Structure formats: structure tokens, C-alpha cells
Amino acid sequence: MGIRDIVEGKREWRAHMARVKSLPSDYQIVYQEMQKYFFKVGPVELADGSLLSGVVDFFEEGVADGKGVMELIGDDVAAFCDDLIKDSPTYADIYQAAAREATPRTK
């Protein structure tokens, strides 16, 4: 990864966070909780940026439709997050699979 890639990545992240900050405060709070959850769980698609950008897109549509954030996602933020990544492998899944393959099997 070159310096240009790093700079471009920072620009994209700042633009993303500017979109988050333009949301109403209740949406921002839920976004921050979702972000913490995803960083802890570690879905693979988090690295390409599409997951969090998709959340912001979804939230912006909800704001435009005049809906509250809890009306969009329900009462359980973690359950909503889990549903978003249910078909996506996590880094924990990858590490566990690698550990299973590396462990010699005994008879």
C-alpha cells in the first residue's frame, strides 16, 4: 500500500464520517453502536467499506422518509447487525477454520 492509497483512504473515511455527522443525533448514536459492534465482530466485508457505507445510505433514506432510526432497525441493534452480516464470513471464522486445519487429528 503506497502513500497515495493511504491518503485516498483517509479522504474517503473523512467523507464517510461527514455523511454520518449530517444525520440526526439519534441516527448518529445508533451508527456509532453499530460501528463498534462490527469492529468487534470483524466481518470481512468491513474492510472494503461497503458495509458501513451501505448503513449510511440506508439511514439517509430513512431520514428522507421521515422515519426514526428505531423504526428502521427495530429495538435490538445487535440483532440488526447480525442479520446484516449473517451470510458474511468474519475474521474469527477464518482464524477458526485455519486453526482446525493446522491442528493434527488424533485417532
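The values are calculated or read from the model by the stated rules, or taken from the named source; none is laboratory data. Owing to the predicted nature of the structure, the values given are computational and were not obtained by experimental measurement. No Cβ is skipped: glycine too gets one built from the backbone with ideal geometry, and neighbour counts run over all protein chains shown. Accessible surface areas use protein heavy atoms only, side chains included; no ligands, DNA or RNA. Shrake-Rupley method; radii C 1.70, N 1.55, O 1.52, S 1.80 Å.
Remarks
- Residue ID - farthest from V69 (Cα to Cα), chosen from residues in the stretch 29-43 that are of a type outside the set (D, E) and touching a helix residue (DSSP H, G or I) at 6+ places or on another chain (Cβ under 6 Å): G42
- Where P24 falls short, out of the listed (1) touching a Cys at 6+ places or on another chain (Cβ under 9 Å); (2) at pLDDT 90 or above; (3) open to solvent by less than 60 Å² (accessible area, probe 1.4 Å): (1)
- Check on K10, of a type outside the set (G, A, S), loosely packed, with under 13 Cβ neighbours inside 10 Å and touching a helix residue (DSSP H, G or I) at 6+ places or on another chain (Cβ under 8 Å): no
- Taking the stretch 38-102 as the region of interest, the helices (runs of 4 or more DSSP H) fully inside it that hold 2 or more residues being touching a Phe, Trp or Tyr at 6+ places or on another chain (Cβ under 8 Å) are 50-64, 69-73, 77-84.
- Annotation note: Cβ proximity below 7 Å between a residue of the stretch 79-90 that is over 14 Å from K40 (Cβ atoms) and a residue that is at pLDDT 85 or above and among the small types (G, A, S) (sequence gap 6+ or interchain) occurs for F80/G74.
- Any hit, the stretch 43-65, residues being surrounded by 12 or more Cβ atoms within 10 Å (Cβ to Cβ), among the aromatic types (F, W, Y) and under 9 Å from the mean Cα position of the chain (by Cα): no
- Looking only at the stretch 76-107, and only at residues there that are aliphatic (A, V, I, L, M) and closer than 23 Å to V55 by Cα, the one that is least open to solvent (accessible area, probe 1.4 Å): I85
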